[in-house]
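Taking it in order: structure first as structure tokens, then the write-up.
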Amino acid sequence: MKTSTQPKPKIAVWKFASCDGCQLSLLDCEDEILALAGSVEIAYFPEASRAFVKGPYDLSLVEGSITTPHDAERIHKVRRSSRVLITIGACATAGGIQALRNFSDVNDYIPMVYASPEYITTLKKSTPINEHVYVDYELRGCPISKHQLLEVLNAYLNGRKPNIVPRSVCMECKAGGNPCLMVAEGIPCLGPVTQAGCGAICPSYHRGCFGCFGPKETPNTASLSDWFSRLGLSKPAILQQFRGYNGYAEPFRKESEILEYESE
């Protein structure tokens, strides 16, 4: 008697405007990705393979922001072909470093970069994926943590919620035995308002947090701005602290816009 075998879940990895760093984090899983490959069918992942299996897909990982009219249409096609859609990285979840153009007129910069700007077609803003389609889960970071990525994949493939704790980088500093750079040495640091996930790499090497993992849950950005002011930073300098890899994430964006208004 023949026994039927259940088909493996199909995973697709999609790229939009980005540096590919978060896709490389998946490839950096090394031994773990071999086990993953044995449990799923990696149906579409141009960064790693020429293989292409048509959808629909059980799970799609999307890296990058939406910056062109073509991509604004393409993301809807990805959403329609995906049962679960997970955005990975600062570009996909907050617009990325390229979203800094949202605070000015992109047309002012195109001629500075391209010899033939008339061939460039772009949107006025670089926006995260969730401004265009429904997203099931957002995994932040620049780049993402491979350990968090494996946890999210494991959770969705096994029908449970990901166990990603909503805490700040300060908690990682405490766990690692790092003294607070702001309190001890007056070094500006976004750790109090930034989601954990990096293991507090920068504070561990005597550098303030740059906010790579985006705003934590209910961040008190106004209080941190006040701290920065007491450290001697001007309002334009504080503004620049919030306009980094996740500068277009709502809590950071709103705080920077308040500082910009007060600086005028």
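The values are calculated or read from the model by the stated rules, or taken from the named source; none is laboratory data. Here the structure is a predicted model, which is why all the values come from computation and not from measurement. Positions of Cβ are generated from backbone atoms using ideal geometry, with glycine treated the same way; all protein chains shown enter the neighbour counts.
In table form, for the structure just shown:
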{"quantity": "Test: residue in segment 161-176 that is basic (K, R), surrounded by fewer than 23 Cβ atoms within 10 Å (Cβ to Cβ) and touching a Leu at 6+ places or on another chain (Cβ under 7 Å)", "calculated": "no"}
{"quantity": "Residue count for segment 22-43, restricted to those that are in contact with a Pro (Cβ under 6 Å, 6 or more places away or on another chain) and either crowded, with 17+ Cβ neighbours inside 10 Å or among the basic types (K, R) (or both)", "calculated": "2"}
{"quantity": "Y261 vs. criteria touching a helix residue (DSSP H, G or I) at 6+ places or on another chain (Cβ under 9 Å) and either surrounded by fewer than 15 Cβ atoms within 10 Å (Cβ to Cβ) or touching a residue at least 24 places away in the same chain (Cβ under 8 Å) (or both)", "calculated": "no"}
{"quantity": "Test: residue in segment 134-150 that is over 16 Å from the mean Cα position of the chain (by Cα) and surrounded by 14 or more Cβ atoms within 10 Å (Cβ to Cβ)", "calculated": "no"}
{"quantity": "Positions within segment 1-57 being over 21 Å from the mean Cα position of the chain (by Cα), under 30 Å from Y245 (Cβ atoms) and modelled with pLDDT of 95 or more, in sequence order", "calculated": "Y57"}
{"quantity": "Meets criteria (surrounded by 14 or more Cβ atoms within 10 Å (Cβ to Cβ), closer than 29 Å to K125 by Cα and of a type in the set (A, V, I, L, M)) for A155", "calculated": "no"}
{"quantity": "Residue under evaluation G95, criteria (1) surrounded by fewer than 16 Cβ atoms within 10 Å (Cβ to Cβ); (2) in contact with an Asp or Glu (Cβ under 9 Å, 6 or more places away or on another chain); (3) of a type outside the set (K, R), criterion not met", "calculated": "(1)"}
{"quantity": "Selection from segment 221-253 of residues that are in a loop (DSSP other than H, G, I, E, B) and either of a type in the set (D, E) or under 24 Å from E131 (Cα atoms) (or both)", "calculated": "R243, G244, Y245, N246, G247, Y248, A249"}
{"quantity": "Number of the condition not met by P251 [criteria: (1) touching a Pro at 6+ places or on another chain (Cβ under 6 Å); (2) surrounded by 22 or more Cβ atoms within 10 Å (Cβ to Cβ)]", "calculated": "(2)"}
{"quantity": "Residue check, E255 touching a Ser or Thr at 6+ places or on another chain (Cβ under 6 Å) and modelled with pLDDT of 95 or more", "calculated": "yes"}
{"quantity": "Qualifying residue in segment 102-116 (condition: of a type in the set (S, T, N, Q) and in contact (Cβ under 8 Å) with a residue 12 or more places away in the chain)", "calculated": "yes"}
{"quantity": "When residues of segment 208-228 are limited to those that are surrounded by fewer than 16 Cβ atoms within 10 Å (Cβ to Cβ) and among the hydroxyl-bearing types (S, T, Y), the one nearest to I238 (Cα to Cα)", "calculated": "S223"}
{"quantity": "Failed criterion for I86 (all others in (1) over 17 Å from I11 (Cβ atoms); (2) touching a strand residue (DSSP E or B) at 6+ places or on another chain (Cβ under 7 Å) hold)", "calculated": "(1)"}
